[in-house]
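Asker: I have a structure here, written as structure tokens, and I will follow up with some questions on it.
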Amino acid sequence: MRIMTAEPVLDERPLTPARQLANKVPEVTVYFWIIKVLTTGMGETASDLLARTLGPIPAVALGGLALVASLAVQFTLRRYVAWVYWTAVVMVSVFGTMAADVLHVGLGVPYAVSTPAFLVVLAAVFALWYASERTLSIHTIRSRRREAFYWAAVLATFALGTAAGDLTATVGFGYLGSVALFAAAICVPALAHRFGALGAVTAFWTAYVITRPLGASLADWMALPHTRGGLALGLAPVTLAWTVAIIGFVGYLAVSQRDRGAHAAV
């Protein structure tokens, strides 16, 4: 299957040399999608593990601090660095899961309500991003403002995907059924883009959203007990295994630079 990537879009608001950075996100390759799915699953089980071990409030506080710290490091750099970027994605995954869970468990908001609510939030982020920068392409993340819009969109996609995955798991699909559902769903934008029915930017962000419930449902199915339809491997072992896989793939990219493509230093 052809790899979906967001094509460069001509920017109607060019940056001055003083404001321009090297592109701050990786090239979209098969490794990008593999690591993205791994981070979604690891974030799901890590969030649940932290909440059970530390309690919900300390877990949310710790997750929030880790997210702020990882993004602070990401924003200080002037170019893409694999370890820093994917650490930030992992922290977004963990905190995005917590945000969706807090609404449901802590505040009693049904997934049927939080899912469309997060969709509205994501749409608002995209609307503001496009109104400001005239592009949603990930190939143009070359200023602090664009990077801020990018990470706001990423956080919204993780919260939306978490709520959507939990919604399907609790309305009859179960975790394994949800894996099958979202595995089929992610083929839709890929095929639509392949045959020219969907633009690359739209296809990319649609697939990006779907990877969240796909990875989270798979990790839940592996970790949760048989009584909940899982394999009962446990939260800690699944979190550790997926973390090791992430480290392995990111380490490979850091050495090989297969995800840098045409990135240029400024």
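The values are calculated or read from the model by the stated rules, or taken from the named source; none is laboratory data. If you're wondering where the values come from, they're calculated on a predicted model, not measured in any experiment. Every residue, glycine among them, receives a Cβ derived from its backbone with ideal geometry; neighbour counts consider all protein chains shown. Side chains are part of the model used for accessible areas, which takes the heavy atoms of the whole protein and leaves out ligands, DNA and RNA. Shrake-Rupley method; radii C 1.70, N 1.55, O 1.52, S 1.80 Å.
Asker: I'd like to check which helices (runs of 4 or more DSSP H) are fully inside the range 42-136 and have at least 2 residues that are over 26 Å from Leu240 (Cα atoms) and out of contact with any Pro (no Cβ under 6 Å at 6 or more places or on another chain).
Answerer: Answer list for the range 42-136: 56-76, 111-133.
Asker: Within the range 116-173, work out how many residues are without any contact (Cβ under 8 Å) to a residue 40 or more places away in the chain, surrounded by fewer than 19 Cβ atoms within 10 Å (Cβ to Cβ) and touching an Asp or Glu at 6+ places or on another chain (Cβ under 7 Å).
Answerer: Residues meeting the conditions: 0.
Asker: Determine the pairs where a residue that is more than 17 Å from Thr211 (Cα to Cα), located within the range 187-198, has a partner that is basic (Lys, Arg) and loosely packed, with under 14 Cβ neighbours inside 10 Å with Cβ atoms under 6 Å apart, the partner being 6 or more residues away or on another chain.
Answerer: Arg194/Arg2
Asker: Just give me the residues in the range 98-110 being on the phi < 0 side of the Ramachandran plot and open to solvent by 20 Å² or more (accessible area, probe 1.4 Å), in sequence order.
Answerer: Across the range 98-110, the qualifying residues are Ala99, Asp101, Val102, Leu103, His104, Val105, Gly106, Leu107, Val109, Pro110.
Asker: Still on this model: Checking Phe95 against (1) out of contact with any helix residue (DSSP H, G or I) (no Cβ under 6 Å at 6 or more places or on another chain); (2) open to solvent by 10 Å² or more (accessible area, probe 1.4 Å); (3) not charged (D, E, K, R), which test does it fail?
Answerer: (1)
Asker: Looking at this structure, is Arg258 outside any helix (DSSP H, G or I) and touching a residue at least 60 places away in the same chain (Cβ under 8 Å)?
Answerer: Taking the combined requirement at face value, the residue satisfies it.
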